[in-house]
Structure formats: structure tokens, C-alpha cells
Amino acid sequence: MIVISDLTEQKQAENELRYLANYDPLTKLPNRTLMYQKINEAIQDANKNETLAALLFIDLDKFKPVNDSFGHAVGDQLLCNITQRINNMLSKNSVLGRQSGDEFLLLIQNLKSPQSLSTLVKSVSEELGKRVEINDFAINISASIGVALYPFDADSADMLIRHSDIAMMHAKQAGRNGFKFFTEQMNDKITQKLLLENALKDAFKDDLLFNYYQPIVNNKTKKINAVELLMRWKHEDNFVSPAKFIPIAEEAGLIDVLTEQALDRALSELSSLLRSNPRFYLSLNLSPVHILKSNLSERLLLILARHHIKPSQLRLEITENTLLEDKEKASKQLHSLRNAGFKLLLDDFGTGYSSLTYLSQFPIDVIKIDQSFVRNIGSDASNESIIKTIYLLAENLGLYCIAEGVETLEQIEFLNKLGCHDFQGYYFAKPMPATELLKESTLNQVIKQL
């Protein structure tokens, strides 16, 4: 007796499941699981043949805006286009895989020396920086690439992936559209950053950050108009620079809650000052990450309501970077804030990608002249010309200016002659805690300097 069964469909199903378990359905590249196996095999071959293996961690720069602007269909076509272009450059000793989303892994085997790798990495970086046309859309995209070598930088597949990822993050922090080879110093920096991030999360939970305030004065009325709120953090008995912990807070998704916590603290500390003078205001810096959060107006209004403070006594400082991230979303958010009663200050004007369209498209009320220009009054004629241009521009648009970083009488005289009378800087007062600010002697000293 013979029993015959047709196993074709079963075998096809098994093959399909095996394929789905090991390959990315969009790009047809090996997925994370299969790449991990291939990296382990490459390490074994490198040990056997006394050669090197390299891993490139490739992360596309600003891929999300492409998806948001052109749609996911175009984004998917772009990923397939990139896959084809890189594969066309590779030899039989190289394997390209898709790690996730817009991240790729490129494994290179049988390397004789690290020097032979540099040319390939540079070529891949340049290729990914070329403009692509998809469905009549011209798309400019680039990549940040991190490179790690076995056995110099790692002794396992996990470590090789981790170290190439760390190198990629350093490439991104260096300005994107480039590559970095892993160094042990990078590992130390990332470790310190992670430790600091965890400490910052604990500091937020325990409300350990505190506020400093710097007066904003008017030389014409001889009055203190406002104070700018500045977050401060002391970790292990040392002050951590805001330039260090603010970017960490942004990356960790903490900046919005830290800022709102600081605002709540400020309204408690300065309640007597704000209520006794309805024209006195608090100036609050908003991160580009924070300002694009949904329901921002409602969240700020809720905090103000708890302290019985009107929106007119809170002014919001934004930077040009905010307007660059997502112009359409930023415009909607800023108009929502304006409609809620907040006034908006454009900070550091002239130091970034300054565009006059910002002042016409966005509801800006005040321009802050950056201290880098103010500092060179009397020593740099071109800086003085820039300040004059910014001031005249603001005047023609019905805005007014605040000059930051005022430290000398010469700077004050130049600005007064120009017509700018609102100042902030060490000439009048350094940032200080609320207890110091609220002392009558402190307020009198600031006014005396006017």
C-alpha cells in the first residue's frame, strides 16, 4: 500500500514564514534577526582567516519630514531606491540589511586593513547625499553613518552593533550628512550622557531643579519690566550647564514637563511681584520640541489659572530653530498661543537661518537682539550695522527690540542713540534666585543702574 500526500502548499507556507522571519517585506533585505546571524558568522570567519569585519550603522537624516510631506508611499519608494543604490556599490563581501524604519546595517567582511574601508564609507555617504526624484518630487536626503570594526572596537555582534550605533549618533550630533568611526571616548561620552539622563529623570520626579531670574529693564522709564526664567540644576554638588542638560531633556522627552514644572514654580515664587504690578511679566523659553506639542496653549493656561495670573503676564521666547522644524505646525501653534493672549518673543535673532518671512508669517511681537552682536559694540562696525538693521526692521514692522548681554555703558549709549531702551544683561543684574530678586535692596540696585 502506498500513501501519497501533496505537501507543496505546506512547503510553500513554511518557506514564506521562513522568508518573513528573516527578510524585510518592503526592501527584500535581510532584517534585524538575519543580520545578527550574519554578523556572528562574519566574526567567526574573521577569527578563522585573521581578517577584519566592519559594520556601518546608517540612519537617514530627516526621513520623517519626507513621509509627512510627501506621504508614506513616496517614503517607501525612497527606501527601496536607497536599497538599490547602495547594493549597486557593494561587492560579494558586503551585506546590506534593514535594521528598522529608516535605519540600515551594512556588514563588510574580509577586510585587510581599516584604511581600505574609508573609501567605501565615503562613497556610501556621498551617494546617499544625492538628490532623488520620485513621482516628480525632488527629494534631498542624507545619512549619518557610524562605523565599528571587529576586533578593534568590539568582541561580539551585540557590541559591534552598539558601537556602530554610538558612532552614528556622534555623526548626527556633528551636523548630519557624514560619518564617524567609533572611538572609546565616544563610549565614555554616551555612558556619561545616559547617567546624566537618568539623574535628570530622578531630579524631575523629586522636583530638584530650581529657577534663576534675570531682570529685563527699560532705560527710558527707569523700571524693571520683567524677568526671564532660567532653569538651573545642581547634580552631585556641581551646577550642570543648561547647554548640557537642556538637549538631554529634549532627547529624553522631558523638556515640556521640566519647563511647565519651572513655570509653576516661578508663579509661586513671584506671585507677590506679579500681582502687585499687572504690567510686570515673566519671560519663558520654549524649546522647539515643546512648542510643537499638542494642547500647549491649554496646558499653559491651566498653570496660569491655578495661580490666578493672566496670559498677558507670561511671554514666550522661541528661537528660529522652532520655525525651521515644521513651519506649518509651528505657525498653527504660534497663532493658537497668540489667540490665547500670549505675546511671543523671537530669541537670538540674526544668529541662525534668519529669514524676513518669519516676521511676516509668524505672529512675533518682540525681537531679542543676540548678545553676540551687542558684545562687539564699539569694536566691530559690521556688528553695529547689523544691530541698526534689526532695530529698523522691527520698528517698520511695529515690533520692539530687547538687547541681550548688555554689559557696558558704551553699549547702552549706542543702543539708546538708536532708540532701543529695553535691556537685559550683567550691567544691571546677573541671573539670581527668587529670594535675592525679591529683596528691596536688589530691586533698588538694578534701578540705580538705569
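The values are calculated or read from the model by the stated rules, or taken from the named source; none is laboratory data. The shown structure was predicted, so the numbers you read here are calculated from the model rather than taken from an experiment. All Cβ positions, even for glycine, are placed from backbone atoms using ideal geometry, and neighbour counts span all protein chains on display. For accessibility, only protein heavy atoms count, side chains too; no ligands or nucleic acids. Shrake-Rupley method; radii C 1.70, N 1.55, O 1.52, S 1.80 Å.
Considering each of 410, 395, 404, 384 in turn, give the residue that is at pLDDT below 90 and open to solvent by 10 Å² or more (accessible area, probe 1.4 Å). Don't jump to the end; show me each part of the working.
Numbers: 410 fails: at pLDDT below 90; 404 fails: at pLDDT below 90; 384 fails: at pLDDT below 90.
It is 395.
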- Item | Odd one out for residue 287, checked against (1) modelled with pLDDT of 95 or more; (2) surrounded by 19 or more Cβ atoms within 10 Å (Cβ to Cβ) | (1)
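Got a number for residues in the stretch 136-158 being assigned to a loop (DSSP other than H, G, I, E, B), farther than 30 Å from residue 37 by Cβ and either touching a Gly at 6+ places or on another chain (Cβ under 9 Å) or of a type in the set (Phe, Trp, Tyr) (or both)? Can you show your working first?
First pass over the stretch 136-158, keeping only residues assigned to a loop (DSSP other than H, G, I, E, B): 136, 140-141, 151-156.
So of that shortlist, the ones also farther than 30 Å from residue 37 by Cβ come out as 136, 140.
Next cut, either touching a Gly at 6+ places or on another chain (Cβ under 9 Å) or of a type in the set (Phe, Trp, Tyr) (or both) only: 140.
Residues flagged as assigned to a loop (DSSP other than H, G, I, E, B), farther than 30 Å from residue 37 by Cβ and either touching a Gly at 6+ places or on another chain (Cβ under 9 Å) or of a type in the set (Phe, Trp, Tyr) (or both) within the stretch 136-158 amount to 1.
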- Cross-chain or 6+ apart pairs with Cβ under 8 Å, the stretch 72-98 first and without any contact (Cβ under 8 Å) to a residue 12 or more places away in the chain, then open to solvent by 60 Å² or more (accessible area, probe 1.4 Å) and of a type in the set (D, E, K, R): none
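Take the residues in the stretch 173-214 that are of a type in the set (Lys, Arg) and at pLDDT 90 or above, then tell me which one is surrounded by the most Cβ atoms within 10 Å (Cβ to Cβ). Before you say what the answer is, go through the steps one by one.
If we filter the stretch 173-214 for residues that are of a type in the set (Lys, Arg), which is where we start, we get 176, 180, 189, 193, 201, 205.
With at pLDDT 90 or above added as a condition, the list becomes 180, 201, 205.
Numbers: 180: 21, 201: 15, 205: 8.
Looking at residues that are of a type in the set (Lys, Arg) and at pLDDT 90 or above, I get 180.
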- Query: If you take the residues of the stretch 375-429 that are part of a helix (DSSP H, G or I) and of a type in the set (Ser, Thr, Tyr), which of them is farthest from residue 222 (Cα to Cα)?
  - Reply: 382
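Filter the stretch 99-111 down to residues that are touching a strand residue (DSSP E or B) at 6+ places or on another chain (Cβ under 6 Å) and over 26 Å from residue 49 (Cα atoms) and give me whichever is surrounded by the most Cβ atoms within 10 Å (Cβ to Cβ).
Result: 104.
Considering 292, 304, 284, which residue is out of contact with any Phe, Trp or Tyr (no Cβ under 9 Å at 6 or more places or on another chain), under 22 Å from residue 369 (Cβ atoms) and among the aliphatic types (A, V, I, L, M)? So that I can check it myself, show each step before the final result.
Details: 292 fails: under 22 Å from residue 369 (Cβ atoms); 304 fails: under 22 Å from residue 369 (Cβ atoms).
Exactly one of 292, 304, 284 is out of contact with any Phe, Trp or Tyr (no Cβ under 9 Å at 6 or more places or on another chain), under 22 Å from residue 369 (Cβ atoms) and among the aliphatic types (A, V, I, L, M), namely 284.
Rundown of residues vs (1) within 25 Å of residue 175 (Cβ to Cβ); (2) out of contact with any strand residue (DSSP E or B) (no Cβ under 9 Å at 6 or more places or on another chain); (3) at pLDDT 90 or above, yes/no style:
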{"position": "11", "(1), (2), (3)": "no, yes, no"}
{"position": "21", "(1), (2), (3)": "no, yes, no"}
{"position": "29", "(1), (2), (3)": "no, no, yes"}
{"position": "34", "(1), (2), (3)": "no, no, yes"}
{"position": "38", "(1), (2), (3)": "no, no, yes"}
{"position": "74", "(1), (2), (3)": "no, no, no"}
{"position": "81", "(1), (2), (3)": "yes, no, yes"}
{"position": "84", "(1), (2), (3)": "no, yes, yes"}
